[in-house]
Structures are given as C-alpha cells and as structure tokens.
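Everything below concerns the one structure shown next.
The values are calculated or read from the model by the stated rules, or taken from the named source; none is laboratory data. Treat the numbers as computed from the prediction; the structure is a model and nothing was measured. All Cβ positions, even for glycine, are placed from backbone atoms using ideal geometry, and neighbour counts span all protein chains on display. Side chains are part of the model used for accessible areas, which takes the heavy atoms of the whole protein and leaves out ligands, DNA and RNA. Shrake-Rupley method; radii C 1.70, N 1.55, O 1.52, S 1.80 Å.
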Amino acid sequence: MKLLALSGSLRADSVNTALLRALAEAAPAGVEVCFFDGLRDLPLFNPDAEERENAAVTAWRAALRGADAVVISSPEYAHGIPGAFKNALDWVVGSAEFDGKPTLLLCASARPQHAPAQLAEVLRTMGARVQGPHLLDLPGNVAAAQSALRTPAQQAEARELLAALLP
C-alpha cells in the first residue's frame, strides 16, 4: 500500500510537514509513505500549456497515479488555500488523478477558518473521496509541534486516522 504525503506549505520548517512525518511514523507495517516535495517546481498553471510535456508536471501526476491513497496537511494563508498548493491542484483537474482516490485532509494551523473547507470542496470537485478535514491544534513552533505529535495519544490518533483511510 502506497500513501502519498503532501504538505501544502513550502516552508523548510513547516508544522504541516512535521505533522505528515509523525503520521508516517505511525503508519502500519506494509504501508509505504512517500513525500512529494516538487510543488515548488511546478510552473504556474496555464490551460494552454496543459498538454505540453513538463518534467515537474509529469512527476506530480505520476506521484498521484502511483499512490493508493493521499494524505494532505495544509496551512491557511489569508483565509485560503496556499497559492502554490492550489496551483498544483489546478495541474491535475483535467487529468483525473484524484478521481476516486481516498484522501485524508489534516490542518495544523492555529486558527483555520476557511482553507480546510475550501480544500475539501476542491478535492471533492476533482472526485477525491475526502476524509476530514481533521483540525489539530498544534504549537506554531516546529520543535514543540514535533514533541506534541510524538505523544502516545497523538500517535494513537494518527493510527486511527490511517486505519480509516486505508482499506
């Protein structure tokens, strides 16, 4: 079973990426968690260029096609989905990689108000079988968040989320 982990943040020290790493640590045997970190390499979406060969877009689509399920942890920027992440989603609207794909949404933002629901709506529109969004109240400091995510209670919650996502 291959699980693709996607962070909606491009930050090197992202709490959302730390959340995905903690989830990967809690993955059961037989589940391979792969991280896709090529979002920063994607060009701005342009429908006129959709059919042209682009290595970054090809890699993005291949990562999604090769996954049995997807887990996304994304911040909220200015009451919305981060632009780089929305751009990535735009590149796969017409190619159907999310169609029928089990997709778990997580949010580690301190005060998410709009982005989790927006992201769920976009993914459902693309045909994803969305679970969540699950909101986790984590410290904004990555080291503190990593410590909180390694508690037995958080690891148990991560295992429960994965069990509900994976067949």
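Whole-percent P(r), region 27-67, all Cα pairs, 10 Å bins from 0: 24, 46, 20, 9, 1.
Summarising the amide proton neighbourhood of GLY80: residues at separation of 5 or more, or on other chains, whose placed amide H is nearer than 5 Å comprise ALA115.
The charge dipole of region 19-107, taken about its Cα centre with unit charges on the Cβ atoms of Lys, Arg (+1), Asp and Glu (-1) only, comes to about 160 debye. Taking each DSSP H run with n ≥ 4 as -39500 (n - 2.57) and averaging over every residue of the chain yields -11500 deg cm²/dmol at 222 nm.
Where a ≥ b ≥ c are the square roots of the eigenvalues of the C-alpha gyration tensor, would you call region 9-92 rounded, which needs a/c under 1.5, or, failing that, prolate if a/b is larger than b/c, or oblate? Don't jump to the answer; show the numbers that get you there.
Details: a/c = 2.47, a/b = 1.34, b/c = 1.84.
Oblate.
For the residues PRO75, PRO102, PRO152, a GNM of the chain with alpha-carbon springs under 10 Å puts the largest fluctuation on PRO152. Solvent-free Debye calculation, one equal scatterer per alpha-carbon of the chain: log10 I(q)/I(0) at 0.15 Å⁻¹ equals -0.78. Each residue of region 31-37 was assigned a 3J(HN,Hα) from its phi angle through the Karplus curve 6.51 cos²θ - 1.76 cosθ + 1.60 (θ = phi - 60°); the sequence is 9, 9, 9, 10, 9, 9, 10 Hz, with glycine and proline shown as x. Expressed as a whole percent, the accessible area of region 98-167 that falls on carbon and sulfur atoms is 52 (1.4 Å probe).
Please calculate how many Å² of accessible area the chain carries per residue, with a 1.4 Å probe and no DNA, RNA or ligand atoms counted.
Working: 8170 Å² over 167 residues.
Ligands and nucleic acids excluded, the result is 49 Å² per residue.
What is the local net charge at SER7, summed over the other residues whose Cβ is closer than 12 Å to its Cβ (Lys, Arg +1; Asp, Glu -1)? Walk me through the intermediate numbers first.
Numbers: positive: ARG11, ARG21, ARG40; negative: ASP13, ASP37.
Net of charged neighbours comes to +1.
Would you mind working out the magnitude of the charge dipole of the chain relative to its Cα centre, with +1 at each Lys and Arg C-beta and -1 at each Asp and Glu C-beta, to the nearest 20 Debye? Each step should come with its number before you reach the end.
Numbers: 14 positive and 18 negative charges, 58 e Å.
With Lys and Arg at +1 and Asp and Glu at -1, about 280 debye.
For region 87-100, putting each phi into the Karplus relation 6.51 cos²θ - 1.76 cosθ + 1.60 with θ = phi - 60° gives couplings of 4, 4, 5, 4, 5, 10, 4, x, 9, 6, 5, 8, 4, x Hz, in residue order, rounded to whole numbers and with x for Gly and Pro. Each other residue within a Cβ distance under 15 Å of GLN154 adds +1 if Lys or Arg and -1 if Asp or Glu, for a net charge of -1. Mind running the shape call on region 1-52? Use the C-alpha gyration tensor, a ≥ b ≥ c as the square roots of the eigenvalues: rounded below 1.5 for a/c, prolate if a/b tops b/c, oblate otherwise. Oblate shape, in that a/c is at least 1.5 and b/c is the bigger or equal ratio.
Could you work out the relative contact order of the chain, using alpha carbon pairs under 8 angstrom and six or more residues apart, expressed as a whole percent? Once divided by the residue count of the chain, the mean separation gives 28 percent. With an a/c value of 1.5 or above and a/b not larger than b/c for the gyration tensor axes a ≥ b ≥ c computed over the alpha-carbon atoms, region 47-87 is described as oblate. If one takes the longest principal axis of the Cα atoms in the chain, at what angle in degrees, from 0 to 90 and to the nearest 10, does the Cα axis of helix 55-65 lie? Tilt of helix 55-65: around 60 degrees. Taking the Cα centre of the chain as the origin and placing charges on Cβ (Lys, Arg +1; Asp, Glu -1), which of LEU135, ALA59, PRO43 is farthest toward the positive end of the dipole? Most positive-ward Cα: LEU135. The angle between the Cα long axis of helix 15-25 and the main principal axis of the chain comes to about 70°, on a 0 to 90 degree scale.
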